[in-house]
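Worksheet: one structure, shown below.
The values are calculated or read from the model by the stated rules, or taken from the named source; none is laboratory data. It should be emphasised that the depicted structure is a prediction, and the values quoted were computed from it without experimental measurement. Cβ: placed from backbone, ideal geometry, glycine included. Neighbour counts: every protein chain shown. Accessible surface is based on the protein model in full, side chains and every heavy atom, while ligands, DNA and RNA are left aside. Shrake-Rupley method; radii C 1.70, N 1.55, O 1.52, S 1.80 Å.
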Amino acid sequence: MASTKLYTAIYVVLFVFATVQALVEEAGWLGGSDTLYWAAFAVIIVLSLIKAVIVAGYYQHLKWEPRSVSYVIGTGLIAALALTIAAAYSIT
Amino acid sequence: MTDDTPDDGSIETDGGHATEELPAGEDHDDHGLPPMSSVKRWFLTTNHKDIGILYIGTALFFLVFGGILALLMRIQLWAPRAPGEGLLGPLAYNQAVSAHGLLMVFWFISPFAFGFANYVVPLQIGAKDLAFPRLNALSYWLYLFSGLLFGVSFFQKATFSGGWTMYAPLNIPAYTPEVGATTAILALVMFVASVTVSSVNFLTTMHRWRAEDLRLRDLPLFSSSILLTVWMMLFAFAALLAALIVLSADRLLGTTYFVTQEGGSLLWAHLFWFFGHPEVYIVFFPALGVMAEVFQTFTGKRIVGRKWFVAAMVLVALQSFVVWMHHMFLTAINLQIKTLFMATTIGISLPFDLMVFALIYTLIKGRIRFTTPFLFSFGALLLFIIGGITGVFLGAVVLDYEFRGTYWVVAHFHYVMVGGATALFGALYYWYPKITGKMYDEFLGKVHFALYFVGFNLLYFPMFLAWQTPRRVFDYNPAYTPWHRLATIGGFILAVSFLVMFYNLYRSLQTGADADDNPWEYSSTAEWAISSPPPLENFPGLPSYKGGKLNFVSKVTGGATDGGEVTDGGTAVATAAGAGHGTAAATAHEEEHASHASFWPFLLSLAGFLTFVGVSGINKGGLYTPLAAVGGLGVAGSLVGMAREPFTVPSPELAEKWPFDGVEDMKLGMWIFLASDVVLFGAFIGSYLFMRVAEGWRNWHHLIPADHVVMPGLINTYLLLTSSFAVVLAMVAAERGSNKGVVASLVATLALGIGFLINKGIEWQHLFHVHSEAFPEGWELSTNIASSTFYLTTGLHGAHVIVGLLITLYMIPRAWRGAYSGNDKPIEYFGLYWHFVDIVWLFLFPLFYIL
């Protein structure tokens, strides 16, 4: 398990990342061209993904559990993504 | 005797067979449970065998319920009718069709299979019970009350009448306005709650409570089929739950998902069939497991290609999630995706072919005993082959254009689904001696099968011949009248066959011959190694498969054997020397006394039932609102009562736990539940993304008022992140034994969570009352699809926050009394949930506030 110091550092990182996501919007990228919009989109979603992995890995201690636990959650995630991506593609 | 049978008469298939004299059972008392003759016992019991019997009995009740509706339909179809002619009016017919489908698929077939799973799986894997016995009882009571709720729906003007697939827009109040239609949807929500609880329980048990050295790959085939079924259930039903919650919101709260012109009805089809196709295998897999088990027993032959059979089942379970769009070939989805799903559909038939050939080849290699269970299983195989072949037509895009919406579909899926149920009736005869301790009447069993098989084929095969009859319609081309009459006659013969079955089961219980522990010569699974019926805690010792055969590690009193130690006056468990991978050495100790009785699961489900009845008509006022309030209080009170009740469930020390060694039962259960919650939220977020793509991704902004800004979302992100950090600090404080630290951290979590809800409340109030040119009437749930997705998705998340805060409220006074000092486990388990809620928000924030 991690130390309190590490838990605190993680909290600070999560806080900063959330702020950065809001600043991207504040910067007006999302109102710009399609290229700029999707670049900003990618930055914001990747930041959310990193935050989620950090919370799961350290606060939920997945890092110290057998990999099989991560696979269970990963399977749920893949199922949800399969539904979303295939359904969205089906109407393009 | 076949070439697989060793000289000592034991068979080594599926974990082996007890060959030595069994130690005397120690189960002299029922641990506070009243006797089986007492009605009270059945309300209190948490024992898996009792729950199994309850499931089987209740499922048979719903078989009769759904069956009577089917007979009413068949009477109506005796001749083509105009609306108003015949026994059933148009709305009554639509209700009968819809309710028949829903009852049979949800409340009969799967629960019937899970009755056997409840009874048999713990016996087959060498467990004393399921890992969470009270949750098992809760699953049952939720199931029963969900079915009763469905029954209530008939008395609220009308039950749901839009077909069992509940397609949009027929599922919205404009087309099905009756309160009963809403109740039917809520009954399904309650049913899914039962399924989810059950899935978590079975998965935890089957992964962590297997007897020593019983590897997953060596599970008996029935247990293997159940394990895969439960994994499919966990993920598939979560998608259905999302669909049902959205539908309930559309009906009760006025959201506009399924009335939205662009994508609304397609969204339902995607969500429903993402669940619906795995559901076909969820229904069929247990039947497949029964077929394999029964074929082995009554041919005296291990199933041919066993490991390939298991591998094929695994493959089908995975593939079942990538074929759902073959139910949507007639919708507006694009041709590329149709072609892809046609290919995946053809792909899923291949492993099924392998399984069918393995079963047939087993028959050829063995020597068949034509007992009733065998006849039903063999009949099921024949019916499934017909059902499978006729289904291939529907998997081809071009042919499906012709067949969709006709009786071809009706005939095909009845051959598959009722074909599966056929094997389950075989299971009823197969395990009847084990469950009751009595032998059934073989002659009557065969009469049942003969009537059943003839009735079944007379009922469903003519539907192929009259396939151009439109589905769900009682007026048809008069040229098909003879076929429909034949089907009606077949339906009644099928019904009569069940009268024979019920008579046989009842009569045999009263006067049948006593059954041996193992009435079948070549059965090879562990349930046949113990008495019929088995004692309350199943085994006379600790089951172990060390050495490739089932043995019982002896419990001794008063003397040490095999290195066992004696405790003072208690029961000693022999030490298993050299315990293998995934086992813990069982040290001698005074065995904990397992609990088997709790009234709370029944009360909780009753309260849930009242809540749902109240919610169904909450927009109508009257008694509905107070009923919902009383039910809600009952739910809260029952949960507290259940949490406070002392209930001991000793986890087996000597057990095979791969691949979850070191993850205790409660933690694994929580993780498995969270995996289903991932799919639930994933389906919600997926629905939002789907509707946004349908609308045009960047056009979406026109549906949102300028007042919907980032700041409230950012503040809530800060609050939730900080609350997560506070839970971590609570755990650290508990580890250090700091009582004050635990209390302070939990209070901080509570305060931050309340702050989150207040902030959300202020934001929502503001948005409800915006007055702009584009939104002069405010931005409410029903304003447009953007507002609907925003309020409902963040609302579901908010509901999770509220649940978390209620748990925190429960934990704070306990923490004050020192319950977690030096014991951080309960806080860790709560933290898993709370951090998950945090993670979900990490995605909702950008999707609903920034992008």
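Quick notes
- Across the accessible surface of segment B:39-511, with the other protein chains kept in place and a 1.4 Å probe, carbon and sulfur atoms take up 72 percent.
- A straight Cα-to-Cα reach below 16 Å connects residue B:301 with the lysines B:365, residues fewer than 8 places away in its own chain not being considered.
- Per-residue shielding of B:325-336, expressed as the average number of other chain Cβ atoms within 10 Å of the residue Cβ, stands at 2.
- Rounded, prolate or oblate (a/c below 1.5 giving rounded, otherwise prolate when a/b exceeds b/c) for the protein assembly as shown by Cα gyration tensor: oblate
- Chains B and A, summed buried accessible surface - 1.4 Å probe, Å², nearest 100: 4800 Å²
- Efficiency of FRET from Cβ geometry, residue B:87 and residue B:509, R₀ 41 Å, rounded to 0.05: 0.70
- Here each label is just a point 7 Å from Cα along the line to Cβ, and for residue B:340 and residue B:311 those points are 2.7 nm apart.
- Averaged over the residues of peptide A:21-27, the number of Cβ atoms from other protein chains lying within 10 Å of each residue's Cβ is 5.
- Whether segment B:39-511 is rounded, prolate or oblate, judged on the alpha carbon gyration tensor where a/c under 1.5 counts as rounded: rounded
- Note on segment B:615-701: Rg/Rh from Cα positions, Kirkwood definition for Rh, rounded to two decimals, is 1.19.
- Restricting segment B:747-804 to GluC sites (Glu not before Pro) in coil, as DSSP defines it, with at most 15 other Cβ within 10 Å: B:773, B:777
- Per-residue average of Cβ from other chains inside 10 Å of B:709-718: 3
- Formal net charge of residues neighbouring residue B:532 (Cβ-Cβ distance under 12 Å; K, R +1; D, E -1): -1
- Taking the helices alone, the protein assembly as shown has a mean residue ellipticity at 222 nm of -22000 deg cm²/dmol, built from -39,500 (n - 2.57) per DSSP H run of at least 4 residues and averaged over all its residues.
- Pairs beyond 23 Å (Cα-Cα), from B:549/B:657; A:63/B:825; B:307/B:546; A:63/B:546; B:307/B:667; B:40/B:667: A:63/B:546; B:307/B:667; B:40/B:667
- FRET E, pair residue B:40, residue B:636, Förster distance 25 Å, beta-carbon r, rounded to 0.05: 0.50
- Heavy-atom surface of segment A:1-60, accessible at 1.4 Å and reported per residue (Å²): 49 Å²
- Protection proxy ranking of B:419-429, B:344-354, B:713-723, B:483-493 - average other beta-carbon atoms within 10 Å, highest first: B:419-429, B:713-723, B:483-493, B:344-354
- Cα-based Rg of segment B:794-851 normalised by 2.2 N^0.38 Å, two decimals: 1.38
- Distance between modelled label sites at residue B:751 and residue B:823, nm, 7 Å Cα→Cβ extension: 2.8 nm
- Close amide H contacts of residue B:438 (hydrogens built in the peptide plane, cut-off under 5 Å, sequence separation of 5 or more or a different chain): B:515.
- Cβ-Cβ FRET estimate between residue B:318 and residue A:67, R0 fixed at 22 Å, reported to 0.05: 0.75
- Per residue accessible area of segment B:39-511, 1.4 Å probe, in Å²: 30 Å²
- Sequence ranges B:51-64, B:657-670, B:207-220, B:510-523, ranked by mean other-Cβ count within 10 angstrom, highest first: B:207-220, B:51-64, B:657-670, B:510-523
- Under the criterion of Cα pairs below 8 Å and six or more residues apart, the relative contact order for chain B equals 16 percent.
- Shape category assigned to segment B:333-492 from the gyration tensor of Cα positions, a/c cut at 1.5: oblate
- Extension gain (nm, one decimal) between residue B:485 and residue B:369, 0.36 nm per residue minus Cα-Cα: 38.2 nm
- Label-to-label distance, nm, for residues given as residue B:78 and residue B:623 (7 Å Cα→Cβ offset): 3.8 nm
- Among B:360-372, B:268-280, B:829-841, the order from most to least packed when residues are scored by Cβ within 10 Å on average: B:268-280, B:829-841, B:360-372
- Close amide-amide hydrogen proximity is noted between residue B:779 and B:768, B:769, B:770, each under 5 Å apart and 5 or more residues distant or on a separate chain (H modeled in the peptide plane; Pro and chain starts excluded).
- Set of segment B:149-176 residues, backbone N closer than 19 Å to the point 7 Å along the Cα-Cβ line of residue B:261: B:168-170, B:172, B:174-175
- Residues whose placed amide H lies under 5 Å from that of residue B:210, excluding near-sequence neighbours: B:656
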